[in-house]
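Here is the structure we will look at, set down as structure tokens.
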Amino acid sequence: DGAFARHGPGPRAMRWHEKDVILASADQVAIDAISAHLQGFDPLSIPFIRIAHEMGLGVGDPRQIEIVGEDPEWVLSQNWGFVQEDTFASRGQKLIYHGPLKPFENLLLRTPLVPWSYIASRFYHDVYWYPFVGRKRVEAALQTKWGKLFAEYGSEAGYGGVVMPGMDPKTVTTVAAGLALLTAGIGALIWWLGRKRE
């Protein structure tokens, strides 16, 4: 579905653009290749598309894909200039998986400390990003023809309307409790070290 096409730091913090394109295919490699091409990426430079193409799981070269329902020349001439970006949260994740924090990956992501990463992501997206950045993007998107159609979904069943992003009270409470526990733990450690010196 490219009625709205999105680019930037995904999947939650992307920028939306009306492109009025809907893709369908029985070949999942081909549909990903055409989608990547439209967005401005070379499909065969994307490892999972290239590998699937080389293994014969589907067609990853847009020039070899049969395009129907739209002028193939138009499709192949498209380059929306989209870029891949990171959010603050995804940059942190990459530091753990591929950067200087790699030695701490097991400690941070495979021990009882694991919930911190989930809470940090929820805090970033639900307490900061959605209320202060995402809300404006959602409001703008809802003013488009596709946004207006989306807002009507479920209206026959009494579920009309869109829930706008805002601060999630559960996340705020969880983070506040976590910070209180951390502060108490640090305080207890300082007290204990002080008593030990006496």
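The values are calculated or read from the model by the stated rules, or taken from the named source; none is laboratory data. Note that the structure is predicted; figures quoted are calculated from it, not measured. Cβ: placed from backbone, ideal geometry, glycine included. Neighbour counts: every protein chain shown.
Anything in the stretch 131-146 that is in a helix (DSSP H, G or I) and hydroxyl-bearing (Ser, Thr, Tyr)? List them, or say none.
none
Ile34 is checked against (1) β-branched (Val, Ile, Thr); (2) more than 22 Å from Trp16 (Cβ to Cβ); (3) not assigned by TED's automatic domain parsing to the domain that holds Asp126 and fails just one. What number does that condition carry?
Unmet for Ile34, out of (1) β-branched (Val, Ile, Thr); (2) more than 22 Å from Trp16 (Cβ to Cβ); (3) not assigned by TED's automatic domain parsing to the domain that holds Asp126: (2).
How about the stretch 5-30: which of its residues are buried (at least 17 other Cβ atoms within 10 Å of the Cβ) and small (Gly, Ala, Ser)?
Within the stretch 5-30, Ala5, Ala13, Ser25, Ala30 qualify.
Which of the following residues is assigned by TED's automatic domain parsing to the domain that holds Arg137 and touching a helix residue (DSSP H, G or I) at 6+ places or on another chain (Cβ under 6 Å): Ile96, Ile65?
Ile96
Within the stretch 131-155, which residues are in contact (Cβ under 8 Å) with a residue 24 or more places away in the chain and over 22 Å from Pro9 (Cα atoms)?
Within the stretch 131-155, just Lys145 meets the criteria.
Taking the stretch 143-198, which residues are surrounded by fewer than 11 Cβ atoms within 10 Å (Cβ to Cβ), aromatic (Phe, Trp, Tyr) and within 28 Å of Arg6 (Cα to Cα)?
If the condition is that a residue be surrounded by fewer than 11 Cβ atoms within 10 Å (Cβ to Cβ), aromatic (Phe, Trp, Tyr) and within 28 Å of Arg6 (Cα to Cα), then Tyr159 is the only one that fits.
Can you give me the number of residues within the stretch 156-198 that are assigned to a helix (DSSP H, G or I), under 26 Å from Arg122 (Cα atoms) and either in contact (Cβ under 8 Å) with a residue 12 or more places away in the chain or of a type in the set (A, V, I, L, M, F, W, C) (or both)?
13
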